[in-house]
Every structure is written in structure tokens, then in C-alpha cells.
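Have a look at the structure below before the remarks.
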Number of protein chains: 2
Amino acid sequence: MMNAYHSLTERFKRLSRLEHLSAIAGWDMQTMMPSGGSQARGEALAELSVMHHEILTQSSTGEWLDRAAQESLDDDQRANLTEMQRHYTDAALLPAELVEAKALAGSRCEQAWRQQRIDNDWHGFKQNLKPVVELSRQEAKLRAAVQGSTPYDALLNLYEPGMTSEQLDTLFGDLTQWLPELLQQVVASQPPLPALPATRIFPISQQKALAETVMQLLDFDVTQGRLDVSAHPFCGGVPSDVRITTRYDSAEFLSALMGVIHETGHARYEQNLPKHWAGQPIGLARSTAIHESQSLFMEMQLGRSQPFLQRIHPLICQHLTAANALSLNDLVRQVQHVSPGLIRVDADEVSYPAHIILRYEIERSLINGEVEVEDIPELWDDKMQRYLGLSTAGNYRDGCMQDIHWTDGSFGYFPTYTLGAMYAAQLFNAMQTQLPKVHEAIKIGDFTPVFQWLNDNIWCHGSRYPVNTLIRQATGEILNPRWFKQHLQHRYLGR
Amino acid sequence: MMNAYHSLTERFKRLSRLEHLSAIAGWDMQTMMPSGGSQARGEALAELSVMHHEILTQSSTGEWLDRAAQESLDDDQRANLTEMQRHYTDAALLPAELVEAKALAGSRCEQAWRQQRIDNDWHGFKQNLKPVVELSRQEAKLRAAVQGSTPYDALLNLYEPGMTSEQLDTLFGDLTQWLPELLQQVVASQPPLPALPATRIFPISQQKALAETVMQLLDFDVTQGRLDVSAHPFCGGVPSDVRITTRYDSAEFLSALMGVIHETGHARYEQNLPKHWAGQPIGLARSTAIHESQSLFMEMQLGRSQPFLQRIHPLICQHLTAANALSLNDLVRQVQHVSPGLIRVDADEVSYPAHIILRYEIERSLINGEVEVEDIPELWDDKMQRYLGLSTAGNYRDGCMQDIHWTDGSFGYFPTYTLGAMYAAQLFNAMQTQLPKVHEAIKIGDFTPVFQWLNDNIWCHGSRYPVNTLIRQATGEILNPRWFKQHLQHRYLGR
């Protein structure tokens, strides 16, 4: 007779196949699908999530989990079982009707938001956002009751298992102590942006060829992935077929290029997840913040560093006719320029955390019932003034309506961006300490030891260890914001 | 309480959503997927068909079908119920193990065939083909027992409901009476092929722009579909998002162009299926032969006709630098050139039926147990000699190993190509009779009345009527091969 653990692995393999289809159909929706296909696609994807929820929460899953806990398992199997239990509990505690209602309200809000944002229509948007917040609060309460946490923390845990508001308050509290001043210092002391080249057309075909060359340099495996175009860049697909996207602007090439480096960081994590655990929860990426740490390691730690820019400078000059006279020095100044602005996705790495802390504070209060949707614009403006010295009064489009995350109820996601930035700095620092010669290798354009280190310390482990264990094994300590501070001081103030 | 018919519509809607995902993931596999993605994709698609089979054959489907037959339904609902019953019976009479075993054997045979064909390795191929034939025979027997038909007819009915070998023998028997002689006459009397232009490079980008212009001319709705590239051209996707493909050869443009016109015929049928029946069996295309009749109507009846070529001639000269001096006369001679050869997919419309009849005769004997896999090469060579005067002895690659159809057990499919050609000729003739002015409209490049006629007579009906009813309503009679004969005589012998 098949033991319960084995039955569970079969069930989770089946679920992973549904996730495969969802990933590919979702990627297609963002990159290939003509407009007329959206309704049928939305329905097909919703049907798939309902079936996924049905299969995962069958009563036999719960029974097998109980029985498997008594079976003789090795450490890996036990870690896999822990992840299975987590996915099951996360899904089973929600009634199917709430899952469906939230999906529908989120989809409605997101669809309307695309135009409402353009129209700066806060009044229209908030009508759709209210039910999303209401349903998210219901979800949070149900989750919190099981976890014994605050409602917000229960949502945060969906993205970052084990993380709490209390820890975030400490981490982000630390940041708010020194970051605003550091930002001011950088802005005051940095050289002015170099004048742009007279000819400023960078044909998409040239940018694409450059992007693919840089992906190759970063060991992206083209037999197991693709690069395409979408309105909002992302990394999707499945580990054996990773789909990354970018968007090109023929008047400016750095945004697409740095975006590709960022998504390649996500992609290499996915491509190097443990193949012998494929289709099992233990074979998945550890968490949203760890995923983001890999993209930011590649983009911020490596990609925007002087030695890396030195390596790709000739490639840029070679591929882009209009940039063939760009000096290395001007390239570095462009890539490392700091300029606080209204838009999160355009922010440099020094101002970025301010955007995140602001959103974290608002969404936590919102989910915990301390503020209402009506209060968001004023809170947003207050915090923008405080953290970045900028006003968004009346400008909803570039203020609280700029992001997609809240429209479909992804509360708890935002903090993972800045957690990822801090993890990335800590990992890069640990790698440099453990591999004294890595700096020399990077300088001559040999990134092999960098990727080997990431593989051995992060990628190959999948979800084998909790986040804190994973990070302690890799760096000797749990998350410590000092490495992020040190990185920013070093890069932007030369300390 | 929900009545049984309504429950069935909900179940079939769910199934159509799974079919949507299968169609998109299948399209992606042929057009976008990097090589490394194939194993996981194959597993995901297989899982999806198993789930589809599970849901369709749940015992409640059978109970609802029985109850719905007693409910008060209008004519459309009753026609929908008939289709539901057919899909259910087709699926339910097969044990799940046979479905899976055939899928695995077919997938193994097809995968290996791709290389074995290149290597002309009949010995290796036949080892994989034997289990496919064996499982197809088992399937055919089970189906035949329920239908009270011969085994082969039971498979034929999966593609062409209502068609029998007896009818095919009459139809194809008629063809074999006059086609070989007609072919000889055409070959003997046609002018030699015009000399090719000195410059023979037709850049892919120019060919693609031309293809898209011609698709527009044929009213392909680009908000509900796409054109891409694949090794084997096909029409896939879903009615609101139809994906057609072609393959370009920079040394020759007509093959890709005619292929696009062909696939556009399939696409317009799909795009114009009745929207109010979307997701229900009655809303699907009627049959494989009727589908093929729409692509061949567009390619053979319209696309290769003198007036149509006259309309697109300036577009060709304008888009293709290397064809800017091509005369209309030379274009027509190229497009209407007849030349018997070994390869079915390269065949002109006069030799094509010979390729089909040969395959039909062999696959029928194979499924009915009258011949064995070992006998195929000799039978193939005999029939090629008889029908086309060509030998394939020892040349398996360009003989019995050239097609994909048998590798995955799609026995019964081949006849639909020639049935489609005959339906197309009959439909075109009926349209001309019913719309005396249509020829004038086509001549000036106005295809609106053509598409309106197809829409009113074929597209808008989905699976509302059995094939014979549909064709009788459209043309006044059931399938009659004389219209195909008349078409060939008219076009190729000027009679």
C-alpha cells in the first residue's frame, strides 16, 4: 500500500502541473494575447485556480498530512511535508466562496484601474477598492485566527513565511533613522547627470540583441527560457522554461537593460532550483523576499557596480549605434544617479525604501482596521512629504493609484521589495568575505564564482530551510540591515 | 432546483475552459517553448487531458444526460444535448488506462519519429508504431461495439461524425476513376513553369508583412488572433483568440503565403462560430472535414483563382522587393502548377487526393486487422506506383514515414482532407449559383459577399446540424464529388 507521504507527493505533482498551465497561460496573457482573448482567458485561469483549490483542500489531503507526520521520513521529506502542510493550511482555511469573491472583486478593480489611473479618477477607483479591502480583511481575520497573529501579519506570511510586523517595524525603523539624511547627502554631493548624446534613438532590435548578450553573460540558459516584451516587466513560466520580459523605450536604453538584469536574477534562481525536487513544494523558491534578493543581487549589487558596468560598457557601445561614444564614466553616473521622485518603479535604490515603508504603514493600518480607504490619499501625501519631501496632493495617478498590488488585494507584498534589497546587500557582503578573490574575478568579467556561491547558498536549497536558517547558513546571521546601509554609503558616499 | 440540462451546460463550460488552456499551452509548445520545457509541458498537458476525461465521464454526466432527455428543451438545446451525448459516449466507453497508454505510446512514437524520419530508420520506427496500432485497434473495437460499425469506421467517426467507409469507397472510387487520367492530361498540357527571378531572396520580414496584409484582406480579426511561426503550420487557440502559424523560406514565398491563406480559412471559421453558444458543444466547429473545407475554400477555391491572384498581385510586388517585377501571368502559372511528387504536404490539389486515398486504404486495412505494420512499405510503394507513377521503395522518409498522423494514433483523420476539398468545391459552386454577382465582386477584390455567404451557411451554425443537413441546407444536396471534378477540369483543363 502506498504510504501517505507518497500519496501527497503525487497530489502535489498534479497541482504543480496545474500551476505550470497557469504560469504559461498567464505569461501569454501579458505578452502575446490579443485584446479579444481576455474574457475567455480570465475565465479559464479562474477555473484553474478553483480546481487547484478543490484538489489541494480535499479532505484526503488533510488525512494524509496527519498520517504522513507519523511515517518514517528522512530530513528532506520532512521539510517537504512541512511545506505541504503550509500550503494546505493556507488554502484550506479559506472558504471557496471567499476565494472566488476576492478573485472577482480583485479582477474587477484591476481591470477598471487601468483606465481610472490614466483618468486620475480616485472617486471611481475607491468604489472598487473598498470591496477588495473588505474581502482582504475577512481573509486576514480567518488566517490570523489560525496563526494567532495580527490580521496584517497573516497576509504578510503568505509572501514571507515567518516575518512579522514587529520585525518589520524594527528593520524599517532602523532605515527611517538614517536613510532620509543619507538621501539628502547623496543628492547634494553627486555630480550632475552627464549630457545626453545628441542622437538619441536606440532601435529596439539593437536593445534586444544587447539584452540577450547580457543575459548570456549572466548565464541565463536560453534552452530553458525566453525574453519577451510586456507592459509590466516580470519573470514567469516554470523552472525548466523561465519567461522574463522587459519593455523598450527607443529614446532611452538603461531602463530596459537594467530591467533585464533584474529579471535575469529572478530567472537564474528559478532555473537552478533543485531538479530532483521538481513538482514538490520543497523544490519551489523560498519566499518572495528571497526571490527579490536574487533579482536585486543581480541588478543592484552586481549590475550597477563599477566593475560590472566596465564589463558591459564595450557591449553597449558595440550593440547600440547611438551609444557608441558613451564613456564608461558617463555610464556609471547614469546608472548610479539618485533622484527622489513620485513613482516607485522608477526609483533609484536609495529612495526606493521610502516608497515601500510608506505603503507598508498604510496597508498594515488598512488591514488591521485602523484606517479606511477614504483616508489613503491624505496619509499618502503626508508620508511622501515626510520621507521624500514631495507632494502628491490631488495627484492620485502618481500617488496612491500608481501600483497594481492593492487592486487585486495583494496586501503584504510590498515589504518584500525592501527586505529583498537588504538580503541582497547582506548576501553580497557575505560572498565577498567568504571569497576574497571574487572581486578580482568580477573585475575581469568572470562571474562564475558569484553564480557558484549563489547556487550553493540559495538556489540549490529551494524551500528546504526556513528563511532565517537559509540566511544564517549563507551569511552567519539573520537579516541585518547594516549591510544595506554599508552598501549605500559605500556606493553613493564613497565611505 | 437546477435542471439536468443546465447542470450539463455548466459542466461543459468547465470542460471548455480546460480545452482553452490545452489549446494555448499546445500552441505555445509549437511556437514559443524552448527545448528544455518539453518534458514538463508534456506532463502538464497529459494531466489536463486526464482531468478532462475524469470530469467528462463522471457518473453524474451520464445521469444528467438521461434526465435532460426528458426535460422540456428548445431545438437548439436539444441539438446541444445531442452533441453533449456524443462527446460523453466517445469518452466514457474508453477505460482511462487505455487513454493513458495510447497517449504515452503515441507520444513516445512521435518523439522518436522526428529523428527516425531524418535517418530513414523504418526498422526503429516500426517498433514504436506497433504498440500505437495495437492500442488504436483496441480503441476501435471498443468504439465499434457501441456504434455497431467496423473498427475503422468507429475511429473515422471521431473526426467525421456520420461518415462510413462505405461512403468513402463510393466517393474515393469515383475519384480513382477519373483523377489519374485528368492528372496525366494536366501535366502533359500545362505550360512549363516560368523561369525564376534572378534575385531570389525574399526577406522574412517582407513576407510577414505581406502575409498580414493578405490576412486583413480576408477579414482575419487581429484583435482576436495572431500569426506566428512553427515547424508545421496549424490553426490553434480558441474562437476569441485564434492562433495561426506558417513557416517562411527566404528562397520562396508562395508556400508560406498560400499556407497563411489556408490557415486564415480555418481561422475565420473559428472566429465566426456562434458567440452565444461559446463554451458549449453546439458552439464548436462541425467536423474535421467541414473545417478543412473552410481552409480549402479560402486557399484552393478562392486563393488560387485568377481573380484573387489578380487582387493580391500588386500587394506581392509592393511588399517583396525581389518579386517587384513578377508578372500576373507568371504568378498564376506558379500557383496553379501541377506536379506529382512524393510528399503529401507539398502536393498540388490535383495530385493531393491520390496521397489521401493511398493512406485511407492502408489505415483502414490496418485498423480492421487485414494488414500489419510490416506490410506498410510495400503497400505504400504499390499504391504510389499505381496512383502517381512514383516509387518509394527503400525511401521510407519520403514514403510511409513522412506524416505525423499515425505516430500518435490519429487513424481516421486522413480522409477528411479530401472530403474537405470536395466540400469546398461544392460550397463554392453553390455560392456562385446563389449569388450570380459574386464573381464580379471577387474580380474587383470585394470579398464581403463571399464571407457573408460562408457565415450564413457554415460558420454561424457551429455544430447545430449534422454534416449532411448543414451541407444540404447550404448547397441543396449532400456531398457530391462532381463539383470537385468540375472545379479541377475547369481550372486545369479550361473546360
- Message: Rounded to whole angstrom, how close does the nearest chain A beta-carbon get to the axis mapping A onto B, and which residue is it?
- Response: A:L21, 2
- Helix A:254-271 sits at what angle to the longest principal axis of chain A, using alpha carbons and giving 0 to 90 degrees rounded to 10? 40
- Indicate, rounded to the nearest 5 percent, the antiparallel portion of the DSSP beta bridges found entirely in the protein assembly as shown. 50
- Message: Rg over Rh of chain B, using C-alpha atoms and the Kirkwood radius, what does it come to?
- Response: 0.95
- By how many degrees, 0 to 90 and rounded to 10, does the Cα axis of helix B:376-388 deviate from the longest principal axis of chain B? 40
- Sorting from shortest, the nanometre distances separating the label point of A:E372 (7 Å past Cα along the line to Cβ) from those of the same residue in the other copies are 8.3
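Using a Förster radius of 45 Å, what is the FRET efficiency between A:K275 and B:L390 based on their Cβ-Cβ separation? Nearest 0.05, please. Mind showing how you got there, number by number?
On the way: r = 49 Å, r/R0 = 1.08.
The pair A:K275/B:L390 has a calculated efficiency of 0.40.
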- With the 8 Å Cα cutoff and a minimum separation of six or more residues, the range B:4-159 has a relative contact order in percent of 21
- Would you work out what percent of the accessible area of the range A:4-159, with all protein chains in place, is carbon or sulfur (probe 1.4 Å)? 51
- Item | Mean separation of Cα contacts under 8 Å, 6 or more apart, over the residue count of the range A:91-167: relative contact order % | 25
- Message: Run the simple label-point estimate for B:N368 and B:T89 please: 7 Å along Cα→C-beta, distance reported in nm.
- Response: 2.2
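Any idea of the accessible area per residue across the protein assembly as shown, 1.4 Å probe, to the nearest Å²?
On the way: 40520 Å² over 990 residues.
In whole numbers, the protein assembly as shown has 41 Å² accessible per residue.
Summed for both chains, how many Å² of accessible area, to the nearest 100, are buried between B and A with a 1.4 Å probe?
Values: alone 21660 and 21670 Å², together 40520 Å².
Separately minus together, B and A give about 2800 Å² buried.
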- Any idea what angle helix B:96-119 forms with the longest principal axis of chain B, computed on alpha-carbon atoms, 0 to 90 degrees, nearest 10? 20
- What is the extension gain from B:C460 to B:I204, computed as 0.36 nm multiplied by their sequence separation minus the C-alpha to C-alpha distance, in nm to one decimal? 88.7 nm
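Please find the FRET efficiency linking B:S49 to B:F451, where r is the Cβ-Cβ separation and R0 is fixed at 51 Å, and quote it to the nearest 0.05. Before the final figure, lay out the partial values.
Values: r = 34 Å, r/R0 = 0.67.
E between B:S49 and B:F451, to the nearest 0.05, is 0.90.
Work out, step by step, the length gained on full extension between B:H232 and B:L254: first 0.36 nm times the residue separation, then minus their alpha carbon distance; give nm to one decimal.
On the way: separation 22, 0.36 × 22 = 7.92 nm, distance 1.58 nm.
So the extension gain works out to 6.3 nm.
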- In whole Å, how far is the Cα centre of the range A:18-81 from that of the range B:335-393? 46
- Note on the structure: Taking a straight Cα-to-Cα line shorter than 20 Å from B:K126, and setting aside same-chain lysines fewer than 8 residues away, one finds B:K102, B:K383
- Message: Can you order the peptides A:487-493, B:21-27, B:436-442 by their average number of other Cβ atoms within 10 Å per residue, highest first?
- Response: B:21-27, A:487-493, B:436-442
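So what's the convex hull volume per residue for the Cα atoms of the range B:187-305, in Å³?
On the way: hull volume 14.8 nm³, N = 119.
So the per-residue hull volume is 124 Å³.
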- Modelled label-to-label distance, B:Q177 and A:A195, 7 Å Cα→beta-carbon offset: nm? 8.8
- For residues of A:9-18, the mean tally of beta carbons on other chains within 10 Å: 3
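Based solely on its DSSP helices, what 222 nm [θ] is calculated for the protein assembly as shown when runs of n ≥ 4 H residues each add -39,500 (n - 2.57) and the sum is averaged over all residues, nearest 500 deg cm²/dmol? Please list the in-between numbers first.
On the way: 40 runs with 615 residues, N = 990.
Rounded to the nearest 500, it is -20500 deg cm²/dmol.
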- Using a cut-off of 18 Å between alpha-carbon atoms, which aspartates and glutamates can reach A:K437, once sequence neighbours fewer than 8 places away in the same chain are excluded? A:D446, A:D456
- Item | Cα-based reach from B:K443 at 24 Å (exclusive), listing lysines while leaving out same-chain residues under 8 positions away | B:K485
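Can you send over the carbon and sulfur percentage of the accessible area for the range A:164-307, probe radius 1.4 Å, protein chains only? Intermediate values should be presented prior to the final figure.
Values: 3130 of 5550 Å².
About 56 percent, which is the carbon plus sulfur part of the accessible surface.
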- Item | Label spacing, shortest first and in nm, from B:A209 to its equivalents in the remaining copies (7 angstrom along Cα→Cβ) | 1.9
- Item | Estimated FRET transfer efficiency when R0 is 25 angstrom, pair A:K13-A:V146 (beta carbons, to 0.05) | 0.40
- Distances from B:S250 to the same position in the other copies: list them in nm, one decimal, shortest first, using label points 7 Å from Cα along Cα→Cβ. 2.2
- Message: Between B:R114 and A:A325, what is the label-point separation in nm under the 7 Å Cα-to-beta-carbon projection?
- Response: 4.9
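The values are calculated or read from the model by the stated rules, or taken from the named source; none is laboratory data. Please read these numbers as outputs of a predicted model, since none were measured by experiment. All Cβ positions, glycine included, derive from the backbone under ideal geometry; neighbour counts span all protein chains shown. Note: areas computed on protein heavy atoms with side chains; ligands, DNA, RNA excluded. Shrake-Rupley method; radii C 1.70, N 1.55, O 1.52, S 1.80 Å.
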